Every structure is written in structure tokens, then in C-alpha cells.
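What follows is a single structure, written as C-alpha cells, with notes after it.
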Amino acid sequence: MLDKRRAGVLMHISSLPSEYGIGVFDESCKKFADVLADMGFHYWQVLPFNPVDDANSPYCSASAFAGNLLFIDPMGLVRLGLCTEAEAAENRYTGSPYTADYEFAAKKRMALLKKAFGRIDTALQKEIAAFEKENPWLTDFAFYMALKEANGGKPWWQWQEAQADYHRFLKEQTASYEQQAAFWKFTQYLFFRQWKEIKAYINKKGIAVIGDMPIYVAMDSADVWAGTENFLIDEKKRKPEKVAGVPPDYFSADGQLWGNPLYDWDKMEKDGYRWWLKRLTAAFCLYDVVRIDHFRAFASYWAVPADSKTAKVGQWCEGPGMKLFQKVFEVFPNAPIIAEDLGVFGEDVTKLLQDTGFPGMKVVQFGFDPDADSLHLPHNAVINSVNYVGTHDNNTLLGWLWEASERERRFALDYVGFTGSNWGDGGYHSQSCRRIIESVWRSSSNTAMIAFQDLCGFGSDARMNIPGVPEKNWRFRTTWDTIDQIDKAYFRKINALYRRMYPLNLTKEEPAPDKTESIT
């Protein structure tokens with residue numbers, strides 16, 4: 001799928017226009033797909049669909065499998081006869097259309113879903129039961145959420161022993177929480193039902209959805225509660241001795257201390273990496289292509305003492321490498337995976353990329369070092385790669401130009417052939433931004449990607465995320481007035497000029513083999 005010259009746009013569902021304070025699975029998704037198709041794009045990249053954490057990050061979720069109920073379209077409940085239009089209207093947001101209000105959306109959507117849950121009939125219950133049978137992860141997630149709600153939101157290791165011990169809970173208490181768990185099964189059924197309809201429309205437009213998979217899972221998650229044996233955790237203390245992170249890098253002088261539990265790769269190898277195969281199977285049902293965040297940890301990962309305040313001090317440990325991906329290829333011979341191979345690099349990562357054949361990533365902003373011949377510069381790009389103008393973690397292109405040093409900026413502008421004096425002008429027709437975008441589009445990389453904000457020439461105030469800064473991220477949102485002002489003719493032109501309009505007919509492509517029976 002990633003072997004022809006094509007281009008795409010990075011735009012999370014939360015950033016779409018909607019009446020509900022955050023983007024949802026409604027007609028806006030279809031309309032945006034129409035806009036992408038009109039401009040000659042063939043990929044729509046989104047961020048993880050998992051439930052978000054208290055900082056609204058989709059990269060630290062209560063489940064590696066579940067979907068974010070905030071994306072459920074209230075009007076979809078009306079069409080199912082589960083609520084009235086007046087009840088759905090209570091979810092309408094009157095604040096800024098440029099900011100995703102997660103708190104408002106969570107409060108209103110939860111209230112509406114509770115009402116809808118009380119109105120499901122026998123036929124719908126049977127559909128939900130069939131959905132659960134097809135998605136075995138749902139049972140654990142539903143009970144986990146029911147228990148978390150019953151325990152006032154406390155993390156699972158602070159629950160009473162009979163609940164914190166997953167296997168003991170299954171033996172003694174499931175009957176007491178069946179009704180509460182049923183609600184969470186209902187919400188997941190709705191999420192996947194609505195997304196299935198939206199994705200079918202996107203695919204019919206000749207657009208593939210690139211999803212994002214965080215390599216790690218949150219300590220406070222259904223995945224760890226129900227599968228503690230898969231992680232390097234002291235089962236008696238219910239605490240990890242070391243946690244995930246990355247050493248000092250481009251984004252942070254202290255490194256990034258993520259705090260996720262580390263995988264017990266030795267144990268996972270013994271059962272044939274079943275958990276990972278289940279996770280990838282679920283991801284390929286949700287998306288057409290999967291970008292695995294922090295792919296380099298499969299080669300080697302940074303282990304930080306759990307009591308550390310920063311990620312400066314740690315040690316590199318060997319990851320599973322090809323032993324894992326040999327199992328993956330047995331189930332998915334042509335696994336459509338993008339390897340996010342950014343950050344601190346090494347020969348082991350390079351070899352793993354070569355052995356898997358997965359395309360790695362290039363980010364043009366990382367290339368503008370006036371004292372180096374960076375691999376991120378477009379002239380060094382290999383064909384089997386995905387070339388980004390910027391990712392969700394980067395500044396916007398205009399923001400980067402303003403915040404770069406004079407030498408970096410001068411080198412970048414000279415490199416892309418910008419000769420004007422108005423390099424700081426942004427907006428839909430920014431000439432400096434266009435020259436950089438075109439340098440990415442001219443590169444040898446099969447795939448070129450641009451964030452929505454850079455389609456518009458926005459500044460750093462439109463940035464999606466600042467790594468290492470936990471507050472006020474993930475809130476960028478846009479309007480149809482903004483989308484309508486994009487210079488669509490320009491993007492049609494460069495997609496055609498640089499031969500990035502190779503058709504992608506997803507309705508005829510051979511689907512991935514169905515081998516879920518062998519890993520359930």
C-alpha cells in the first residue's frame with residue numbers, strides 16, 4: 001500500500017469541526033474526506049483512537065484496544081432511536097470553535113450515553129453480544145471501567161485485593177458488576193459501529209486511513225490489570241522497578257519520562273507474542289495502515305528507574321527485534337506498518353528496519369542543520385520512507401521558521417530556493433512554507449505527509465502537542481470556514497506535478513488474511 005508515490009494529510013478526529021466541542025464521527029468526517037480527495041490526497045492520518053488520559057493525550061490510554069467515546073456522534077443515537085433530538089442538542093457547544101473542549105464533551109456525552117443505554121432493546125443487546133464475541137478484549141475493558149468507576153477513578157493497584165487481583169476478581173465478583181460493564185460494552189459497540197460506516201465512505205473516496213499505535217500502554221489500564229504477566233511488574237507490590245522513556249533528544253534536554261511499564265519480552269516470546277498479534281489484528285481492523293510510535297524500542301529500549309524524576313539516567317535494553325516480526329509476518333505477510341524511527345538512533349534500529357522492510361520516517365524540520373548533511377533532508381530520502389513536513393509533535397512549519405536560529409532559518413530557505421524577504425508571512429499562500437512543502441513533495445519518498453495546520457500556513461499557536469509539556473495539548477480544532485479557504489488548486493497542482501496521485505482503490509485491494517482464530 002505504501003509502495004507508490006502518494007501524499008496525505010495528518011488531521012485527528014478531535015480537530016474536525018463539529019457542534020459538540022470536539023470532532024465526532026459525523027458528516028464532517030465524510031466532508032473532509034471529500035476535500036482530501038478533491039486535492040489529490042490518498043492518505044488521511046489520525047492520532048490514536050484510544051480513550052484519552054487526564055491530560056487528554058491519546059498516547060496514554062486506559063486501553064490499547066478500546067475507542068474514545070467522545071467521538072461518538074450524538075445524532076447517531078437519535079437515528080438508532082436511543083435518544084431524542086432535544087437530548088442530543090444538550091451536547092451542543094457554544095464555546096470557541098478553535099479549541100477542543102474535552103471536559104465539556106466528556107460530561108455531556110457520558111450523560112447522553114447513560115440515557116441511551118437505558119433504552120436498548122433485545123435486538124441491540126444481541127448485536128452487542130456478537131460484537132463482544134468478535135472482540136474478546138472488550139470483556140476485560142468493560143469490567144476494568146466498571147471497577148474504576150466504582151472505585152472513584154482510583155488506579156487499579158489501589159483497589160481492594162479482590163478487585164486488584166484480576167484472576168481473583170473473575171472468580172468472585174464478576175456477577176456483581178455485569179450491569180455496569182454492560183454500559184461500557186454498549187459504548188464500544190457504538191464507537192466501532194459509527195467508525196465502520198465512516199471508514200467505508202473514506203475508503204470509497206480512494207483514501208486509506210493511517211492510524212497511530214503507541215508502542216507502550218499505560219500502567220493504569222485494562223491491559224496491565226488483566227495481563228500483569230506481560231509486563232515487568234512486581235506482582236506483589238504491583239509496581240514496576242523500571243519504566244519507559246527516552247534519553248535527552250531534540251524535544252527535551254532532560255529526556256522524556258513516560259512512566260509506562262515495560263514489556264516482559266521473554267515471557268511474550270514463550271507464547272508466540274500472542275498479545276501483540278491480537279493488538280495488531282485489532283489495529284488492522286480499525287485502520288488501513290498502522291504507524292507504530294517509538295518503533296525503535298523493538299530494537300532496544302530506554303529503561304529508567306521508576307523513582308526517577310527525569311529520563312536522563314537509564315539503560316538501553318535489548319528488544320524482541322525480528323523474533324516478534326517473524327510472528328507478525330506469519331499472520332500478516334504484507335503488514336502495512338510505518339515505523340516511527342525518530343529520536344536517538346543506532347545500528348540495531350537500522351538493521352531492524354532493513355529486516356522488516358517497513359518504511360521509516362523523515363521530518364524535514366529535523367534536517368535543517370547548517371553543519372550537517374542530515375538524513376532528514378529531502379535529497380537524502382530513500383524511496384521506502386514516509387516524508388513529513390511535520391508531525392503532531394513538531395511545531396508548525398511557520399512556527400518553526402519563526403523560532404529557528406538565524407543560521408538554521410537561512411540554511412533552510414537557501415536549501416528550498418526561497419529568495420524573497422517575506423519569509424515570516426504565513427497564511428494559505430505563504431511562499432516560504434510552500435517552498436519547504438515542495439521540497440518534501442519532490443523527494444524520492446513514496447509517501448509525503450503534511451499536517452492540516454501546514455495546509456493553512458498557521459503559526460505555533462496552532463500546534464497540536466509539545467512533548468514533555470503535559471498541559472494544554474491536543475486541543476487544536478478548526479472550522480469549515482478555515483477548511484474552505486485552503487488553496488485546493490495549489491495542492492492539486494503539486495500532487496500532480498510531483499506524481500503523487502497514484503490511485504488507491506481500497507474496495508478492490510486484497511484484504512489482510514483472517515487468522516484471528518490462531519491467536520485468540
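The values are calculated or read from the model by the stated rules, or taken from the named source; none is laboratory data. Being a predicted model, the structure only gives us computed values, none of them experimental. Cβ sites come from the backbone with ideal geometry, for glycine too, and all protein chains shown count toward neighbours. Side chains included, ligands, DNA and RNA excluded: accessible areas come from the protein's heavy atoms. Shrake-Rupley method; radii C 1.70, N 1.55, O 1.52, S 1.80 Å.
Using the Cα centre of the chain as the reference point, and only Cβ charges (+1 on K/R, -1 on D/E), how large is the resulting charge dipole? Debye, rounded to the nearest 20.
About 900 debye.
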- request: Select one label from [x] 0.95; [y] 1.04; [z] 0.98: the one whose number is Rg/Rh (Cα atoms, Kirkwood Rh) as derived from the coordinates shown.
  value: [x]
- prompt: Where does the chain land at 222 nm, in deg cm²/dmol rounded to the nearest 500, when only DSSP H runs of n ≥ 4 count, each adding -39500 (n - 2.57), divided by all residues?
  reply: -11000 deg cm²/dmol
- request: Could you calculate the contour length gain from Asp271 to Asp38, that is, 0.36 nm times the residue separation minus the distance between their Cα atoms, to one decimal place in nm?
  value: 79.2 nm
task: Identify, among Phe183, Asn151, Ala105, the residue whose Cα sits farthest towards the positive end of the charge dipole of segment 105-190, taking +1 on the Cβ of Lys and Arg and -1 on the Cβ of Asp and Glu, with the dipole about the Cα centre.
output: Ala105
field: Amide N proximity, segment 258-294 versus Trp316 label position 7 Å along Cα-to-Cβ, cut-off under 18 Å
entry: 294
- prompt: With each label point set 7 Å from Cα along the Cα-Cβ vector, what nm distance links Ala175 and Asn380?
  reply: 6.5 nm
field: Cα gyration tensor category, rounded, prolate or oblate, for segment 14-89 with a/c compared to 1.5
entry: oblate
statement: accessible surface per residue for the chain, probe 1.4 Å, DNA/RNA/ligands not counted, whole Å² -> 42 Å²
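Taking all protein chains in place and a 1.4 Å probe, what share, in percent, of the accessible surface of the chain do carbon and sulfur account for? Don't jump to the answer; show the numbers that get you there.
Values: 11020 of 21920 Å².
Reported share for carbon and sulfur atoms: 50 percent.
On full extension of the chain, what length is gained from Phe329 through Thr419, given 0.36 nm per residue of separation minus the C-alpha to C-alpha distance? Numbers along the way, then the final one.
Working: separation 90, 0.36 × 90 = 32.40 nm, distance 4.85 nm.
Difference between extended and current length: 27.6 nm.
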message: Could you sort the peptides 49-57, 8-16, 150-158, 286-294 by per-residue average Cβ neighbour count (10 Å cutoff), highest mean leading?
response: 8-16, 286-294, 49-57, 150-158
task: For Val243, enumerate residues with amide H under 5 Å from its amide H, sequence gap 5+ or separate chain, H modeled in the peptide plane.
output: Val304, Ala306
message: How much length would be gained if the chain were fully extended between Asp369 and Ile466, taking 0.36 nm per residue of separation minus their Cα-Cα distance, in nm to one decimal?
response: 32.9 nm
message: Which aspartates and glutamates, if any, have their Cα less than 17 Å from the Cα of Lys171, not counting same-chain residues under 8 positions apart?
response: Asp140, Glu161
task: Could I have the simple spin-label model distance between Thr99 and Lys196, label points 7 Å from Cα toward Cβ, reported in nm to one decimal?
output: 3.8 nm
